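The values are calculated or read from the model by the stated rules, or taken from the named source; none is laboratory data. Owing to the predicted nature of the structure, the values given are computational and were not obtained by experimental measurement. Neighbour counts are summed over all protein chains in view; Cβ atoms, including those assigned to glycine, are modelled from backbone coordinates with ideal geometry.
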Amino acid sequence: MGTLARAVVETSGPDGAHPALLAAFGRLRQLDSLLSDYKPDSELNRLCRAGGGRAGEDLFRVLECAQAIARDSGGAFDVTIADRSRASTWRDIELDRRSRSVRLLKPAMRLDLGGIAKGYAADEMLRVCRAYGCPRALAAVSGDIAAGDGAWNVKLEASGQTPTVKNCGVATSGDTERRHILDARTGQYVEGVWLVSVIAPSGMLADALATALRVLGEEEGRRLAARHKARCWFRRVG
């Protein structure tokens, strides 16, 4: 996924933490081989080259969530953003849950999961820690966070607040000095320079919502967040 990751585990001793962390980072490497748009032989890129096919559970789960947010945001979130010509959109992806199959309806479609896969990876790292008997854990993949049991102080870049969270996902999307967020509906950069922070039930949902809210703006974004039982903060930085 071309980024950095870290994890923190709270245990009574190192014997429990070490195997949990090894397994969590092993799971992250596995997901990188499946969901990366940088690696030519990732499952995602193989699927794109083939124009579709049967997807593994991880890839299908991420695409399913991505399509749900795309529908609910009117295309503000769209994993076809890799196509800057906008010859294809999220509507050109068809999913069949029963067969776990994916159809890409336009030729040479490219998908970019950068706005959702990191949150999913953090969720999965946390799930592995739980499976190893370490529920008091936090995983962060490029700043997209999945927090487990316990009490975790997480700074929200958009508000400057540091709330104590647990069993949720936290993500921030936006710009710091210049615009770099694209609106998939137009292929143009979103106006203004903003930061948006989101706390949602999962890391994957927080990751996708943060991107969608940045594109939608504050008024529409707050409505979308509320529909998904998420909290959000907006801050204009330029």
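Just so you know, in segment 63-96 the residues that are at pLDDT 95 or above and basic (K, R) include one that is farthest from D37 (Cα to Cα), and it is R71. Cβ-Cβ distances below 7 Å connect the following pairs, each with a first residue in segment 48-63 that is farther than 22 Å from G119 by Cα, a second residue that is in a loop (DSSP other than H, G, I, E, B), and a separation of six or more residues or different chains: R54/S99; R54/R100.
Looking at segment 45-66, which of its residues are in a helix (DSSP H, G or I) and closer than 20 Å to A108 by Cβ? Listed by number, the residues that qualify are N45, R46, L47, C48, R49, A50, L59, L63, A66.
Of all residues in segment 1-44, those satisfying the criterion of being among the β-branched types (V, I, T) and either assigned to a loop (DSSP other than H, G, I, E, B) or over 22 Å from the mean Cα position of the chain (by Cα) (or both) are T3, T11.
Out of curiosity, is A55 in contact with a Ser or Thr (Cβ under 8 Å, 6 or more places away or on another chain), small (G, A, S) and surrounded by 19 or more Cβ atoms within 10 Å (Cβ to Cβ)? Write out each step before concluding.
Details: in contact with a Ser or Thr (Cβ under 8 Å, 6 or more places away or on another chain): yes; small (G, A, S): yes; surrounded by 19 or more Cβ atoms within 10 Å (Cβ to Cβ): yes.
Taking the combined requirement at face value, the residue satisfies it.
Residues are listed down the side, and each one gets a yes or a no for (1) buried (at least 18 other Cβ atoms within 10 Å of the Cβ); (2) out of contact with any Cys (no Cβ under 8 Å at 6 or more places or on another chain):
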| site | (1), (2) |
| --- | --- |
| A68 | no, yes |
| R71 | no, yes |
| D83 | yes, yes |
| A87 | no, yes |
| E94 | no, yes |
| L104 | yes, no |
| M109 | yes, no |
| G114 | yes, yes |
| A121 | yes, yes |
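Scan segment 146-162 for residues that are at pLDDT 95 or above and within 23 Å of Y132 (Cβ to Cβ) and the total you get is 7.
Within segment 195-218, restricting attention to residues that are among the hydroxyl-bearing types (S, T, Y) and crowded, with 23+ Cβ neighbours inside 10 Å, the residue that is farthest from D72 (Cα to Cα) is S197. When the criteria are applied in full, D144 fails the requirement of being acidic (D, E) and farther than 25 Å from R222 by Cβ. Take the conditions (1) within 27 Å of G174 (Cβ to Cβ); (2) basic (K, R); (3) at pLDDT 95 or above; R103 misses just one of them, which is (1). Checking R54, R61 one by one, the residue that is among the charged types (D, E, K, R) and farther than 30 Å from R136 by Cβ is R54 and no other.
In the set (1) surrounded by fewer than 19 Cβ atoms within 10 Å (Cβ to Cβ); (2) more than 27 Å from L224 (Cβ to Cβ), S42 fails one condition alone, (1).
Listed by first and then second residue, the pairs linking a residue in segment 110-124 that is more than 14 Å from L44 (Cα to Cα) to a residue that is surrounded by fewer than 24 Cβ atoms within 10 Å (Cβ to Cβ) and among the charged types (D, E, K, R), with Cβ atoms under 7 Å apart and 6 or more places separating them unless they lie on different chains, are E124/R27.
Of all residues in segment 1-47, those satisfying the criterion of being in contact (Cβ under 8 Å) with a residue 40 or more places away in the chain and among the charged types (D, E, K, R) are R6, E10, R27, D32, D37.
When segment 163-184 is limited to residues that are buried (at least 18 other Cβ atoms within 10 Å of the Cβ) and modelled with pLDDT of 85 or more, the one that is farthest from L213 (Cα to Cα) turns out to be V165.
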